[in-house]
Amino acid sequence: MLHATEMLGAETYDAQGNFVGRVKELFIEPGDQPNRISSVLLSRGRFRPLVARHDQLDSMTPGNLRLNTDEAHLDLYKANEAWLAVGKDLLDQQIIDTNGRKVVRVNDLDLNDARINGSTELRVTQVDVGLRGALSRLLKGVVPHSLIRQLQQKLPQRSIPWEFVNLIEADPLRRVKLRLTHDKLTQLHPADLADIIEDLSPAERDSIFASLDETSAAEALAEVDDRVKAQIIEQLPPDRAANIMEEMPPDEAADVMADLSPETSERVLEAMQQKEAHDVRSLLRFEDDTAGGMMNTECVVVGEDATRDEVLEYLRTHEVPVDQLDSVVLIDLDAKFIGVVPAARLILAASDAKMRVLKLDLPVSVPANAKEKNIFELFDRYNLRSLVVVDSDHRPIGVIAVDDVVSRLCEKR
Amino acid sequence: MSPRSSREISGNGQGRLRSMWRHTRTMRRRLAIFLAVIGPGIITSNVDNDAGGITTYSVVGAQLGYALLWSLIPMTIALYVSEEMCARMGVATGKGLSDLIREEFGFRSTFFVMAAALLVDLGNTVAEFAGVAASMQIFGVAKYLSVPLAGIIVWFLVLRGTYRQVEKIFLVACVFYLAYFFSAVLAHPDWLHAARATVVPSFEWNQDYLLLLVGLVGTTIAPWQFFYLQAGVVEKRVSRKDYRHARMDVLVGSISCMVIVFFIIVCTAATLHRSGVTHITDAAQAAQALVPLAGKYAGYLFAFGLLNASLFAASILPLSTAHVICEGLGFEAGIDNKFREAPIFYSLYTALIVVGGGVILIPKAPLLKILLLSQVANGVWLPIVLVFIMLLINRTDLMGNLTNTPAFNVVAWTMSVAMIILTLIFAFVSVVSPAAAGLG
């Protein structure tokens, strides 16, 4: 096992034992093999630098590299955007640890050396983010490699296996050339991904959002801090922003829109599909700290004469977002609000039980302009899990869910 | 049965109401953005007037009267120019200064910059706790009570609060600097004379004058504030669009900082200098000397100002230092983490407070040597950091269209070179003759 710092600066000799130059940089071609050192850049003072391919490396020890060929067989170096440079693109830069779910800085790389068909192949096994890597960076060139290794043994190891490393490349063109994907990020919980995104600089954030699929982007965006949210959306093309917004529940989309500049939000709304845009617009009419601003319009409203089976049939056949469903809202023939039936009662009820019979005794509702503070009190007093919002004709227009209440209370703290 | 989505029920918007609402929303948005952006600049500049600073300003006023007031205007410009660059870097890159140094100049440069940071800030923290001890002694509280108490308050304030709460407390602390305005008014200075001395430069060619000039610059522009300010701007997530607000924040901060310096110098000039009490060595002495000359309230206000400044800086310095070092070297940092998650961060933070406060309590502690070492480290640190800033700010790949304009570069390089020369002289003098540098 070798460290990248032990290879960078290594004296290089060819098959005849002649000095060629010093290792200036190690390259990986992620599009080809994601962890193999594909070539080594050799600097030769005032002469033009050379490149040794991975199959031209014979053997290596810390600070020393031997080639299995003559200097004459090496190519001249030409910069290539599709090559990932270990020294320039990895050391000292930030990466995402998808297992530990955080952003860390690279101190060193561990390289595994394996003998294959007359050459030695170097593969990145893990990224050192701890004191061991820090020590070798500090002492390299000042004390011998062997002493550094001895000292390192006394320090705790902190490293991340290469398969859990997600590289961050702010430049979108370069990212495509390097064929970096963010597949690993989409497997994270949206809240974890949001935390990671908040740790990054705007350019890095935008680059990640540009490559996430719309559902993941929408889920992560919903969890991100408000200011960051608005900044990300403002940087996206309106079409893409609109697609992400359509993936969000209307109340969350409206919250995001409210933080955008009026011009941007109008542009995004215009790019959205009619129905979704209408939902968001109708929510945008309400002040953020009122019932209207808190509610979600995607709620299930049924007539009081409906039976349990009819309602379940409706839920099955319509695209109802059921993840957050904890009650259905009842209306009379005038479409006026008369009460709610908790989902638990629905499950337990007989198949022909009428909604009117199943509903809770106390129909609690608030007008759209009710203040946030009063809503918190209602939730507390009646131990609610959702609260119906009604218009001036006492018709239900949305539901406030307890998770929205909790997140607002947390913000207040 | 009529199961249906509530979409069909939700009403249509009323045009007029909606447009009114839209209109106020824009205004409220702007105000909210401005309030959200201000803070780092004002706090950074004011922390600059810490215990060490107030001591220097008092000595300047007592020894030279109004003579050095002219230097405040060029210093305001230097403070603004250097801080503005850091705020701009924070906005353009979204990264802290230590992050940028690490990414662009590598591990070893970062390590030495951080080591210097630790030395300098430790020295400063000692000075802050000395300020707490001295000011509380004027109110009759022994240092064996005041210093541990201050340490505990500082430690808990930061670890128990969220960034936003702490920032609010800090902004309130900025208001308490007005104590110096009142104590200057109570000192009945010659305002006309002071105003003239501020705008008309004068120069004396003697050792005291030059040393105090150098000391004044050295205490006012310190590298840690670049790191703190940039981190604050990044933390606030100021976007390029809102950059002008951040710049305003820095401008207000630089000017208000120098206005406070003006009042401190005027206050001691009008009293101590006029009555011939020219040889004081620290700010607490100045406060005591004020009592017979300008009344006990002027003295108390002065001491209160010192206490506020010392506590304020003692809260920010260790935190900022621990943050900067951990971030630069890649350790987990920030008060949002638990001790287990960020052990190095918390250890450093706690050690700075314990050592900083502890040194004051040890009888015959090598206080002078610590301050001296810190002064020398500062002399090495400031030039390097300033050069790093100048190199980073002119990089188009990092800054985009926010690099320095040629004219700004001329001002900034002139300022940097002047600062570097003055700081090196100060460090040199501190070593050769500590007494002359106000450390005796």
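Coordinate-derived values only; no laboratory data. Small disclaimer: the values here were computed from a predicted structure and weren't measured. When we count neighbours, we look across all protein chains shown, and the Cβ atoms used for this are built from the backbone with ideal geometry, even at glycine.
Can you give the log10 of the normalised intensity I(q)/I(0) at q = 0.12, 0.17, 0.18 Å⁻¹, computed with Debye over equal Cα scatterers of region A:2-162?
Log10 I(q)/I(0), no solvent term: -0.51, -1.02, -1.14.
List the relative contact order of chain A as a percent without decimals, with contacts defined as Cα pairs under 8 Å and 6+ residues apart.
9
What size of dipole, in debye to the nearest 20, comes out for region B:239-321 about its Cα centre when the only charges are +1 on Lys and Arg C-beta atoms and -1 on Asp and Glu C-beta atoms?
Its charge dipole is roughly 280 debye.
How would you order A:142-149, B:178-185 from highest to lowest mean count of nearby Cβ atoms within 10 Å?
Ranking, from highest mean packing down: B:178-185, A:142-149.
For region B:126-143, just list the computed ³J(HN,Hα) in residue order, Karplus coefficients 6.51, -1.76 and 1.60, θ = phi - 60°, integers in Hz, with x standing in for Gly and Pro.
Per residue, the Karplus-derived 3J(HN,Hα) values read 4, 4, 5, 5, 4, x, 4, 4, 5, 6, 5, 4, 5, 8, x, 9, 5, 5 Hz.
For B:Lys338, which lysines qualify as cross-link partners when the Cα separation must be under 21 Å and same-chain residues fewer than eight apart are set aside?
Qualifying lysines at Cα under 21 Å: A:Lys102.
Taking chain B as the reference, fit the longest principal axis to its C-alpha atoms, fit the long axis of helix B:15-37 to the helix C-alpha atoms, and give the angle between the two in degrees, 0 to 90, nearest 10.
Here the helix axis deviates by roughly 30 degrees.
For B:98-108, what's the mean count of beta carbons from other chains sitting within 10 Å of each residue's beta carbon?
4
Given an 8 Å cut-off on Cα distances and at least 6 residues of separation, report the relative contact order of region A:175-310 as a percent. Display every interim value, and only then the final one.
Details: 123 pairs, mean separation 26.5, N = 136.
Relative contact order comes out at 19 percent.
Can you say what percent of the DSSP beta bridges in the protein assembly as shown, counting only those with both residues inside, are antiparallel? Round to 5.
Of all bridge pairs located within the protein assembly as shown, approximately 85 percent are antiparallel.
Please give the average number of partner chain Cβ atoms lying within 10 Å of the Cβ of each residue in A:295-303, rounded to a whole number.
4
Roughly how many debye, to the nearest 20, is the charge dipole of region A:181-285 about its Cα centre, given +1 on each Lys and Arg Cβ, -1 on each Asp and Glu Cβ, and no other charges?
Dipole about the Cα centre, nearest 20: 280 debye.
On a C-alpha basis, how far is the centre of region B:387-416 from the centre of region A:318-348 in Å? Whole number, if you could?
Centre-to-centre distance over Cα atoms comes out at 62 Å.
Can you give the calculated 222 nm mean residue ellipticity of chain A, where each DSSP H run of n ≥ 4 adds -39,500 (n - 2.57) and the sum is split over every residue, rounded to the nearest 500 deg cm²/dmol?
It lands at -10500 deg cm²/dmol.
For chain B, what is the relative contact order in percent, using Cα pairs closer than 8 Å and at least 6 residues apart in sequence? Working shown, then result.
Numbers: 640 pairs, mean separation 147.2, N = 440.
33 percent.
Distance between the C-alpha centers of region B:137-199 and region A:55-90? Whole Å please.
60
Over the Cα atoms of region B:77-131, each weighted equally, I'd like the Debye log10 I(q)/I(0) at q = 0.12, 0.14, 0.16, 0.18 Å⁻¹, rounded to two decimals.
Here log10 of I(q) over I(0) equals -0.40, -0.54, -0.68, -0.81.
Convert each backbone phi in region A:344-351 into a coupling constant with the Karplus relation 6.51 cos²θ - 1.76 cosθ + 1.60 (shift: θ = phi - 60°), then list the ³J(HN,Hα) values in order as whole Hz, x for Gly and Pro.
Once rounded to whole Hz, the list reads 4, 5, 4, 4, 7, 5, 5, 5.
To the nearest 20 debye, what charge dipole does the protein assembly as shown have about its Cα centre, counting +1 at the Cβ of each Lys and Arg and -1 at the Cβ of each Asp and Glu?
2560
Please report the orientation-averaged projected area of chain A, defined via the convex hull of its C-alpha atoms, in nm².
27.3
Hey, can you grab everything whose amide H is under 5 Å from the amide H of A:Gly9? Only 5+ residues off in sequence or another chain; H modelled, so Pro and N-termini drop out.
The list, which skips near neighbours in sequence, is A:Val23, A:Lys24.
Could you give me D for the protein assembly as shown, from Stokes-Einstein at 37 °C and 0.692 mPa s, where the hydrodynamic radius is the Kirkwood radius over C-alpha pairs? Units µm² s⁻¹, please.
106
Taking every pair of alpha-carbon atoms in chain B, what share in percent sits in each 10 Å bin, from 0 to the bin with the longest distance?
Computed distribution, short to long bins: 4, 21, 31, 24, 11, 4, 2, 1, 0, 0.
Please compute the net charge surrounding B:Leu306, taking Lys and Arg as +1 and Asp and Glu as -1 over other residues with Cβ under 13 Å from its Cβ.
It works out to a net charge of -3.
Can you list the residues, at least 5 places off or on another chain, whose amide H is less than 5 Å from the amide H of A:Asn296, using H built in the peptide plane?
Distant-sequence amide H within range of A:Asn296: A:Val399, A:Ile400, A:Ala401.
From the phi of every residue in region B:308-320, what ³J(HN,Hα) in whole Hz does the Karplus formula 6.51 cos²θ - 1.76 cosθ + 1.60 yield, where θ is phi - 60° and glycine or proline is x?
4, 5, 5, 5, 4, 5, 5, 6, 8, 4, x, 5, 4
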